[in-house]
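Down below is the structure, laid out as structure tokens.
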Amino acid sequence: MGIYITTSKKSSPKTQILCKALSYLLPNSINERRGKKSIEQIFIRAKLLGKSRVMFIYEKDGIPSRICLMKVKAHSWEWVGEELLISEFHLHRMPSELPGELTVSGGRGEEFGRLLDVEKPEDEDSIEMKCGRKKLSFSYSGKPLLELELTQ
């Protein structure tokens with residue numbers, strides 16, 4: 001079903017860059033600026049787009065600082081998982097094309113697989129997301145794409 005990725009109400013260019021990168025790396029994801037939309041309006045928009053999750057990227061002083069996830073249900077929504085605090089992120093060169101599947105691994109792989117509603121890939125050619133206590137990293141064919149350093 002995929003993820004609807006959005007920002008805080010007045011997002012900085014750095015936050016927008018991170019949102020675009022995540023929407024490129026997470027299969028079937030869509031990235032839109034939040035603007036003046038309320039949480040309820042975001043929920044309705046995600047439902048209209050057929051998304052099962054919403055990822056909010058919040059910032060502090062123009063720097064992405066935390067990620068919150070919403071589970072979209074038939075008639076309601078709920079926050080899922082713990083808030084992820086970002087200390088920094090590193091974006092590497094992205095290939096022009098990536099596979100449409102994601103493999104989730106690492107110490108927190110199962111947890112993030114459930115949080116992001118990721119299905120097991122049918123093909124071996126997939127983006128790899130390694131999930132640790134202090135780091136989330138995305139790679140493809142052994143090349144790093146995005147690294148998120150977490151404070152918790």
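Overview of results
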{"quantity": "Listed residues G107, G50, G142, most fluctuating in the chain (Gaussian network, C-alpha, under 10 Å)", "calculated": "G142"}
{"quantity": "Cα gyration tensor shape for the stretch 108-152, rounded if a/c is under 1.5, else prolate or oblate", "calculated": "oblate"}
{"quantity": "The stretch 3-150, relative contact order in percent, only Cα pairs under 8 angstrom and at least six apart counted", "calculated": "20 percent"}
{"quantity": "Alpha carbon convex hull of the stretch 3-150, volume per residue in cubic angstrom", "calculated": "107 Å³"}
{"quantity": "Gained length - K135 relative to K20, 0.36 nm times residue gap less alpha-carbon distance", "calculated": "39.5 nm"}
{"quantity": "Spacing of the two label points (7 Å from each Cα toward its C-beta) at K120 and E149, in nm", "calculated": "3.5 nm"}
{"quantity": "Nonlocal amide H pairs with S87, under 5 Å, H built at 1.01 Å", "calculated": "E149, L150, T151"}
{"quantity": "Table column - 3J(HN,Hα) (Hz), the stretch 129-146, Karplus curve with 6.51, -1.76, 1.60, x for Gly and Pro", "calculated": "10, 9, 10, x, 5, 10, 7, 10, 9, 10, 8, 9, 6, x, 9, x, 10, 8"}
{"quantity": "Choice from P64, P13, P27 with maximal GNM fluctuation in the chain (Cα, 10 Å cutoff)", "calculated": "P13"}
{"quantity": "Rounded to 5, the percent of DSSP beta bridges in the chain classed as antiparallel", "calculated": "70 percent"}
{"quantity": "Residues with amide H under 5 Å from that of R34, placed H, sequence gap 5 or more", "calculated": "T7"}
{"quantity": "Extension gain (nm, one decimal) between Q41 and S96, 0.36 nm per residue minus Cα-Cα", "calculated": "16.5 nm"}
{"quantity": "Listed residues E128, E101, E110, most fluctuating in the chain (Gaussian network, C-alpha, under 10 Å)", "calculated": "E110"}
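Readers should treat all values here as calculations from the given coordinates under stated rules, not as data from a laboratory. Just so we're clear, the structure is a prediction, and the values are computed from it rather than from any experiment. Cβ atoms come from the backbone with ideal geometry, glycine included; neighbour counts cover every protein chain shown.
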